[in-house]
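This report concerns only the one structure given below.
The numbers here are math on the coordinates, done by the rules we state, and not lab data. The model shown is predicted, which means the values in this text are computed figures rather than measured ones. Virtual Cβ from ideal backbone geometry, glycine too; neighbours counted across all protein chains shown.
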Amino acid sequence: MYKNVLQAISGIEIYPLISFVIFFLFFLALLVYVCVVSREHIQAMKHIPLQADDAAQAQPEGGVLC
């Protein structure tokens, strides 16, 4: 049933190609970013969860984060 519905839509064959191109470009951009980023940046990002949370200390008590 669904096969006949999809075959009746004109121009439907372009959508799988578009989705593949978007996925491929995203994956390629991520790969380039990983290869280009400096080791110092990676080390700084690695230690962020271990650092004191200055933003929480600057909030007055009972403050709500927006």
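Observations
- Taken along the Cα-to-beta-carbon direction at a fixed 7 Å, the label points for residue 45 and residue 19 span 2.8 nm.
- Between residue 52 and residue 31, the simple spin-label model (points 7 angstrom out along Cα→Cβ) gives 4.4 nm.
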